[in-house]
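Presented below is the structure to which this report refers.
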Amino acid sequence: MCESFAIALDRLSARDASERLASGLLDADFTTAETSVRWLWFAELLDSAWGLSGRLRDTRQLDTAGLRCLEYISDLCRRQIARTTLAAEWTTAADVADRAARHQQDVGTTAAYMALAAAHALALECLDAPPEGCDTAGFAFHALALAAPDDSTAREWIHQALDELDRCADIVPMSVRYPSGSDHLVDVIAS
């Protein structure tokens, strides 16, 4: 069994811990949350004041097109809580995020590129099954670490993001929750 990301974050730099999470060398602490709760958390991780759009907007590291891409995929995640997205929408989202990431790689900051790589990873993962999200979170946390002015601030931002998972669990009504591991796209396409 791998070391927990939260434990590694206490002993490694935020950048190193997030890189190891994205590489699969650390266990993600959030993968046991119910699928619908993770959908909300991913939506917020991409587009909220404490998430990528808020932090990168505040540090002026992401352009309007990049912000719109994060908002678009975040909206899909929110809709997926109610199981109303289709596989074609995730395919489009993956294409949009890939183009936005490539653009940022050419003209933007590394933090912006990593933020959009997180959105791309999430959209790709959603094509097959509900996302576990280790790549997404690893890229997102790495983007936060790169955008932060120092490692202490990066750790604070990442810990806040992890703490938000509990808030998301309190927000998602029991009536829309579904078991972790359910195959959402098969269910939606079959209906």
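The values are calculated or read from the model by the stated rules, or taken from the named source; none is laboratory data. Note that the coordinates shown come from a computational prediction; the quantities given were computed from them, not determined experimentally. Here the Cβ is made from the backbone with ideal geometry for all residues, glycine too, and neighbour counts use every protein chain on show.
Can you find even one residue in region 97-115 that is farther than 24 Å from residue 153 by Cβ, buried (at least 24 other Cβ atoms within 10 Å of the Cβ), in contact (Cβ under 8 Å) with a residue 60 or more places away in the chain and within 15 Å of the chain's Cα centre (by Cα)?
The answer is no; no qualifying residue exists.
Filter region 150-191 down to the residues that are hydrophobic (A, V, I, L, M, F, W, C), surrounded by 15 or more Cβ atoms within 10 Å (Cβ to Cβ) and modelled with pLDDT of 50 or more and list them by number.
If the condition is that a residue be hydrophobic (A, V, I, L, M, F, W, C), surrounded by 15 or more Cβ atoms within 10 Å (Cβ to Cβ) and modelled with pLDDT of 50 or more, then 154, 157, 158, 161, 162, 165, 168, 169, 172 are the ones that fit.
Search region 28-49 for residues being polar (S, T, N, Q) and under 13 Å from the mean Cα position of the chain (by Cα), and hand back the single one that is nearest to residue 73 (Cα to Cα).
48
Determine if region 132-149 includes at least one residue that is surrounded by 13 or more Cβ atoms within 10 Å (Cβ to Cβ) and at pLDDT below 75.
Yes - at least one qualifying residue is present in region 132-149.
Considering only region 1-12, state which residues are surrounded by fewer than 16 Cβ atoms within 10 Å (Cβ to Cβ) and either free of Cβ contacts under 8 Å to residues at least 24 places away in the same chain or among the small types (Gly, Ala, Ser) (or both).
Those that are surrounded by fewer than 16 Cβ atoms within 10 Å (Cβ to Cβ) and either free of Cβ contacts under 8 Å to residues at least 24 places away in the same chain or among the small types (Gly, Ala, Ser) (or both): 4, 7, 10, 11.
Could you give me the residue pairs with C-beta distances under 8 Å whose first residue belongs to region 61-73 and is more than 17 Å from residue 142 (Cβ to Cβ), whose second residue is among the hydroxyl-bearing types (Ser, Thr, Tyr) and crowded, with 18+ Cβ neighbours inside 10 Å wherever it lies, and which are 6+ apart or on separate chains?
Taking only residues 6 or more apart or on different chains, the pairs are 67/53; 71/53.
Can you tell me which residues in region 145-158 are under 11 Å from residue 17 (Cβ atoms) and not charged (D, E, K, R)?
145, 154, 158 - these are the residues of region 145-158 that are under 11 Å from residue 17 (Cβ atoms) and not charged (D, E, K, R).
For the subset of region 50-83 comprising residues that are surrounded by 18 or more Cβ atoms within 10 Å (Cβ to Cβ) and among the β-branched types (Val, Ile, Thr), which member is nearest to the chain's Cα centre (by Cα)?
Ranking the candidates gives 73 first.
For region 13-49, name all the residues that are more than 16 Å from residue 141 (Cα to Cα) and either of a type in the set (Val, Ile, Thr) or buried (at least 21 other Cβ atoms within 10 Å of the Cβ) (or both).
Step one: list which residues in region 13-49 are more than 16 Å from residue 141 (Cα to Cα), which gives 32-37, 39-40.
Once the filter is applied, which keeps residues that are more than 16 Å from residue 141 (Cα to Cα) and either of a type in the set (Val, Ile, Thr) or buried (at least 21 other Cβ atoms within 10 Å of the Cβ) (or both), region 13-49 yields 32, 35, 36, 37, 39, 40.
When region 13-47 is examined, which residues are found to be part of a loop (DSSP other than H, G, I, E, B), closer than 20 Å to residue 166 by Cα and touching a residue at least 60 places away in the same chain (Cβ under 8 Å)? Write out each step before concluding.
Step one: list which residues in region 13-47 are part of a loop (DSSP other than H, G, I, E, B), which gives 13, 23-25, 28-34, 47.
Keeping just the survivors that are closer than 20 Å to residue 166 by Cα gives 28-34, 47.
The answer is 28, 29, 30, 31, 32, 33, 34.
Out of the residues in region 76-123 meeting the condition of being part of a helix (DSSP H, G or I) and among the charged types (D, E, K, R), tell me which one is nearest to residue 51 (Cα to Cα).
78
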